[in-house]
Structures are given as C-alpha cells and as structure tokens.
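Report on the following structure.
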Amino acid sequence: MVNRTEPLPVRRQCELLDLPRSTFYYRPRPAAEGDLALMRTIDACHLQRPFYGSRRLRDWLEDLGYVISRKKVQRLMRTMGLTALYPKRNLSKRQHDPAII
C-alpha cells in the first residue's frame, strides 16, 4: 500500500495503485455521543419490533421524548445495517416455471 517513508511520492504511489489521494488522506470521524445513545435506543426497539421501518421508529422515538427527523433515523439505520422485516413483493403469486411441475 501507500507508504509515506518511500522515496516515491505519495501522489505517484496512489497513481500506481489507481487510488484517489483523497482516499489515502481521509480520516473518518468518530460518531457523536448523542448519536451512539440514539443508536442503542434504536437497536433496542429493533430487537423488540424488527418490522418497524424508519417512520414507525421515528414515531416511537418521539413518544420517548426524542426530537428527530425520519432522515436521521434512516441514516442511523443504514449505518447500523438495520432493515425492516416485512413480506417482500410477489410472495403470494404462484410460480410459472415449467421445470417445477
């Protein structure tokens, strides 16, 4: 990977690896304490009610006293890797594959 102590400049090393220099210099910021507490609360709710989406979670959080937008709930759920569990499309349609018959 890219090494700052090499005689080859960082710019050239990134070019050889086909890596943008901004990716090399990027340092991710840690999550805020308020967001971490909110994520713990969302996780607790998701364990109890995995079928809640961002809208119902936002309403549930507002009942607990949090003032939060649905977009922020969506972002936190995406960060945590949570999705609502619900029946997906076309589950009630029968299969038309002749190989199954």
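The values are calculated or read from the model by the stated rules, or taken from the named source; none is laboratory data. The structure displayed is predicted, hence computed values, not measured ones. Cβ coordinates were reconstructed from backbone atoms using ideal geometry, including for glycine residues, and neighbour counts include every protein chain displayed. Note: accessible area is taken over every heavy atom of the protein model, side chains too, but ligands, DNA and RNA are not part of it. Shrake-Rupley method; radii C 1.70, N 1.55, O 1.52, S 1.80 Å.
Observations on the structure shown:
- Residues in region 21-37 that are among the small types (Gly, Ala, Ser) and either over 14 Å from Tyr66 (Cβ atoms) or not in a helix (DSSP H, G or I) (or both): Ser22, Ala31, Ala32.
- Any hit, region 26-35, residues being within 30 Å of Val2 (Cα to Cα), within 14 Å of the chain's Cα centre (by Cα) and surrounded by 10 or more Cβ atoms within 10 Å (Cβ to Cβ): yes
- When Leu47 is tested against (1) within 30 Å of Arg4 (Cα to Cα); (2) open to solvent by 100 Å² or more (accessible area, probe 1.4 Å); (3) assigned to a helix (DSSP H, G or I); (4) not charged (D, E, K, R), just one condition goes unmet, and that condition is (1).
- Put simply, of Thr79, Thr83 the only residue that is out of contact with any His (no Cβ under 8 Å at 6 or more places or on another chain), in contact (Cβ under 8 Å) with a residue 40 or more places away in the chain and open to solvent by 70 Å² or more (accessible area, probe 1.4 Å) is Thr79.
- Cross-chain or 6+ apart pairs with Cβ under 6 Å, region 48-65 first and of a type outside the set (S, T, N, Q), then open to solvent by 100 Å² or more (accessible area, probe 1.4 Å): Pro50/Leu85; Phe51/Leu85; Phe51/Tyr86
- Members of region 1-20 found to be surrounded by 13 or more Cβ atoms within 10 Å (Cβ to Cβ) and either aliphatic (A, V, I, L, M) or in a loop (DSSP other than H, G, I, E, B) (or both), listed by number: Val2, Val10, Leu19
- Apart from one condition, Thr23 fits all of (1) loosely packed, with under 11 Cβ neighbours inside 10 Å; (2) touching a residue at least 24 places away in the same chain (Cβ under 8 Å); (3) hydroxyl-bearing (Ser, Thr, Tyr); the exception is (2).
- Filter result for Arg40 (in contact with a helix residue (DSSP H, G or I) (Cβ under 8 Å, 6 or more places away or on another chain), free of Cβ contacts under 8 Å to residues at least 24 places away in the same chain and either under 25 Å from Leu85 (Cβ atoms) or not in a loop (DSSP other than H, G, I, E, B) (or both)): no
- Met77 meets the conditions (1) at pLDDT below 95; (2) of a type outside the set (D, E, K, R); (3) assigned to a helix (DSSP H, G or I) in every case but one. The failed one is (1).
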